[in-house]
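The block underneath contains the structure these notes are about, expressed in structure tokens.
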Amino acid sequence: PRITAVRYDIDIYPERRALNLRGDQTIINPHPNPITEVHIVTDRNYEYEIDIPGAKLDKDDQRLQYRIYRLDPPMAPGEQRRMRYTVKREPKGIENSVRVLELVQNGTFFNNSIAPQIGYQDGNEISERNDRRKRGLPEKDLMPALERNCTANCMNTYISNNSDWVSVESFVSTSPDQIAIAPGSLVREWTEGGRRHFHYRLDRDSLNFYSFMSARYEVKRENFNGIQTEVYYHPEHPWNVPNMMKSIQKSFDYYTKNFGPYYHKQARIIEFPRIAGFAQAFPGTMPYSESIGFIAKMDKPDDIDMVFYVVAHEMAHQWWAHQVIGANMQGATALSEMLAQYS
């Protein structure tokens, strides 16, 4: 089955690096035959409870975190069901080394891949060619050839193999001194029970890959042609925020003119700690490591402006997601060629 809509209710407890995530998603059988079983892949660092109507756990391989649920009755062609699940993380004792770097006291950053993943996930296979050869495994298949008029598995991308475009709504709570961020536009913010609550909703159905974050942020906000541009940053790292804002707005000028409209009401850059050194593009949000932008120091006038460059690159992916995978093939071709030159 494929996912079409998700609602999240998430409680983040930064002070003890704990998480309680509840998901309620709509799944559909788009195939011509009934579905008799559902395969689920989980993450060993979290605890899971999964409920699918008519599903009974048939196999539970805890070593590989792989479950098979038998459906009775089977899921008929075109049928929809609601899949509910809970994902928990509560650290116990003192670890020899920190296992879950996504949950920290200031700068939590995790994505929705911690949710139970439907279907076999070949990304968990051994991928290094020599390691596969040592174990007598064949080489992995390359990605399928590009098709202009794709007819099967068109939405099975490097991001997801179990969903097409999805609608997402998120309710996130965190500590009272932190800001929580989820995909989409902020609908409402309030304080209740000594905790800070946020309600977000995607402006437009998007690919099923996005992040959730929480930290003690300062926020730089500017309205640019009706779009809210924002940079969330650690108060001690303000130096490159104006340059990031400039890159966001320059990107709007260029990409809107050359590739098509922007489909969200906001564009956010959000700093996360040096647990990793990358930036990513999600619907309206761009997590950005402090190590490659916020603490970058560029003294020489002829240095490549990596801060501006990386923001422009991630902004380009905001268009790529809808123009390349969507229907605008003319814009897709131009944007793909541009990304190929500069990625």
Classified through the alpha carbon gyration tensor (a ≥ b ≥ c as square roots of its eigenvalues; rounded if a/c is under 1.5, else prolate when a/b is larger than b/c, else oblate), region 5-74 comes out oblate
Give the total of Lys-Lys pairs in the chain with Cα-Cα distances below 23 Å; include a pair only if its members are 8 or more places apart or on different chains. 14
From the C-alpha gyration tensor of region 89-240, square roots of 5λ in Å: 35, 24, 16
For peptides 293-304, 95-106, sequence by mean Cβ density within 10 Å, most packed first: 95-106, 293-304
In whole Hz, the Karplus estimates of ³J(HN,Hα) for region 303-310 (6.51, -1.76, 1.60; θ = phi - 60°; x where Gly or Pro) are 5, 5, 7, 5, 5, 4, 4, 5
Taking protein heavy atoms only, a 1.4 Å probe, and rounding to whole percent, the accessible area of region 191-328 owed to carbon and sulfur comes out at 49
Computed about the Cα centre, the charge dipole of the chain from +1 Lys/Arg and -1 Asp/Glu charges at the Cβ has a magnitude in debye, to the nearest 20, of 320
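Using only the C-alpha atoms of the chain, find the volume of their convex hull and express it per residue in Å³.
181
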Cβ-based net charge around T229, under 14 Å, with every Lys or Arg adding one and every Asp or Glu removing one: +2
Sorted on mean Cβ neighbours within 10 Å (highest first), peptides 16-25, 161-170, 127-136, 204-213 come out as 204-213, 161-170, 16-25, 127-136
Residues in region 222-264 near a label at E189, defined as backbone nitrogen under 18 Å from the 7 Å Cα→Cβ point? 222-224, 227-236
Dividing the helical contributions, -39500 (n - 2.57) per DSSP H run of n ≥ 4, by the residues of the chain yields a 222 nm value, nearest 500 deg cm²/dmol, of -5500 deg cm²/dmol
Rolling a 1.4 Å sphere over the protein heavy atoms, what is the accessible area per residue of region 30-126, to the nearest Å²? 60
Taking the alpha-carbon centre of each part, the distance from region 158-232 to region 34-53 in Å is 26
What one gets for region 58-109 as the Kirkwood radius, inverse of mean 1/r over different Cα pairs in Å, is 15.4
Using only the Cα atoms of region 45-160, what do you get for the radius of gyration and for Dmax, in Å? 18.6, 54
Net charge within 15 Å of E218 by Cβ-Cβ distance, Lys/Arg positive one each and Asp/Glu negative one each, not counting E218 itself? -2
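The values are calculated or read from the model by the stated rules, or taken from the named source; none is laboratory data. None of the values given here were measured: they were computed from a predicted structure. Virtual Cβ from ideal backbone geometry, glycine too; neighbours counted across all protein chains shown. Ligands, DNA and RNA are excluded from the accessible area calculation, which covers all protein heavy atoms including side chains. Shrake-Rupley method; radii C 1.70, N 1.55, O 1.52, S 1.80 Å.
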